[in-house]
Amino acid sequence: MKFFKALFHTSFFIRLFNWEYWPFILVYVWVAPYLFFLWLRTRSAFFFNASNPRIENGGFLNESKKDIHAILPSGLYPQSIHFSIPADPDKVFEQISKAGFQFPMMGKPDIGGRGRGVKKINNKEELCFYTRNSTLDFHLQEFIHYENEVGIFYYRYPGQAKGQISGIVRKEFLAVTGDGKSTVKVLLKADQRGLIYLGSQLKTPGDFLSQVPEKGIRLVVSPYGNHARGSLFLDESHLVDQALVDQLDKIANRIPDFYFGRLDIRFQDWESLKKGEHYSVIEVNGAGSEPTHIYDPKHSIFFAWKEITRHWRILNKISRMNHERGIPYLTFSEGCEVFRKDKEISAKLDRMPV
């Protein structure tokens, strides 16, 4: 019995029986025929750029956070300062000090994806390391201390004043609970989710994994609200009500020509968020957004496919409506260049500091 228990507590079998860990291509290849149908319907393989006209490529790929921040109203998102590489660590520190930044802060690549290159920076030494080793332009962002983080998927059809929320995902950071004897590494190995993400944690510099948390102490291992960085995604779409939709309408209408995407928000509590208080939009994701509530372990792969196709259908309709208003689709050569550039950026993202 112990043999089979140990056998199934391996990365291979955990991934096999939990689709949320399957490779991206394996999840999406089965709904590709529907995407092909949308291509035929739109007569464009690259219709997505028309969805959010003020965001590069509609926010599908390669969108610059610096450019997105430029169209966001002040106070909606955390204070951020953008830097081009190569950047001088001393000058970076001087600039953020003048701006009143305090540790910790968040370092993020200007063009990101799946949480790569996102790092919580706790001191000047880590700031210098991040600055010296960044392979892409990056920005430093004040750390938002609200404990709750959600991704709210919002869409609004062009010409309409009111939008809809199609999904809410609550994010629980990867954490372990100490027993007073085991190291963080051992605790991760004993946990299914921890075991899956142990490899990425081994790349983190320092002796964090060798620490022994006191009994009953919950220790956050990965403070990033990203599924690829270990966060547990829980579907809380049942919390959608008119007050929340009204508040998201107010937020989204402050973002010029924003019709489709996911807003990642840190906030104090639900009641405050519904009143427009004590929250910060930490990321604006456009046409490339996933309906990440699908990754709740309670959902089947069939539910995921249904939600993915539903959101593609909405994206396609919004793009067509904007196209009828004069927003052009990318040409075939332009679309191919977007994906070529994404491949180049992805290689650099893989070399960003962790």
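Here, each number is a calculation from the coordinates, and none is a lab measurement. Because the structure is predicted, anything quoted here is derived from the model rather than measured. Don't worry about glycine lacking a Cβ; one is built from the backbone with ideal geometry, like all the others, and counts go over all protein chains shown.
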Largest-first principal axis extents, alpha carbons of region 174-222, Å: 25, 23, 15
Quick one: if you stick a label point 7 Å off each Cα along the C-beta vector at residue 305 and residue 210, how many nm between them? 4.8 nm
Taking alpha-carbon centroids only, region 65-99 lies from region 262-278 a number of Å equal to 23 Å
Counting Lys +1, Arg +1, Asp -1, Glu -1, what net charge surrounds residue 262 among other residues with beta carbon under 11 Å of its beta carbon? -3
Electrostatic dipole magnitude of region 174-222 [Cβ: Lys, Arg +1; Asp, Glu -1; Cα centre; debye, to 20]: 100 debye
Yeah, region 225-272 with a ≥ b ≥ c from its alpha-carbon gyration tensor (a/c under 1.5 is rounded, else prolate when a/b outruns b/c, oblate otherwise) is oblate
Specify whether the C-alpha gyration tensor of region 246-325 places it in the rounded, prolate or oblate class, a ≥ b ≥ c being the square roots of the eigenvalues: rounded for a/c under 1.5, otherwise prolate if a/b is larger than b/c and oblate if not. oblate
Given only helices, namely DSSP H runs of n ≥ 4 each adding -39500 (n - 2.57), what is the per-residue ellipticity at 222 nm of the chain, to the nearest 500 deg cm²/dmol? -10500 deg cm²/dmol
Relative contact order of region 174-222, defined on C-alpha pairs under 8 angstrom at six or more residues apart (%): 60 percent
Among (i) 69, 54, 37; (ii) 64, 58, 44; (iii) 76, 49, 46, the entry matching Cα extents along the principal axes in Å as calculated here is (ii)
Residue 114 versus residue 179: modelled label distance in nm, points set 7 Å from Cα along the beta carbon direction: 3.2 nm
To the nearest 20 debye, the chain has a Cα-centred charge dipole, built from +1 on Lys and Arg Cβ and -1 on Asp and Glu Cβ, of 800 debye
Apply 1/(1 + (r/R0)^6) to the Cβ-Cβ distance of residue 94 and residue 29, taking R0 = 51 Å, and write down the FRET efficiency to the nearest 0.05. 0.55
Aspartates and glutamates whose Cα lies under 16 Å from that of residue 189, excluding same-chain neighbours fewer than 8 positions away: 179
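May I ask you to derive the relative contact order of the chain, considering only C-alpha pairs under 8 Å and at least 6 residues apart, and to give it as an integer percent?
Across the chain, relative contact order equals 26 percent.
How would you rank 118-124, 179-185, 57-63, 310-316, highest first, on the average number of other Cβ atoms within 10 Å across their residues? All intermediate terms of the calculation are to be shown ahead of the outcome.
Numbers: 118-124: 17.4, 179-185: 15.4, 57-63: 23.6, 310-316: 19.0.
For the peptides 118-124, 179-185, 57-63, 310-316, the packing ranking is 57-63, 310-316, 118-124, 179-185.
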Interchain or sequence-distant (5+) residues whose placed amide H lies within less than 5 Å of the amide H of residue 231 are 174, 226
Give the order of 293, 323 when sorted by the count of other beta carbons within 10 angstrom, beginning with the fewest. 323, 293
Residue farthest toward the positive end of the dipole of the chain, with Cβ of Lys/Arg at +1 and Asp/Glu at -1: which of 30, 319, 53? 30
Using a simple charge model, +1 on the beta-carbon of Lys and Arg, -1 on the beta-carbon of Asp and Glu, nothing else, what dipole does region 23-79 show about its Cα centre, in debye to the nearest 20? 120 debye
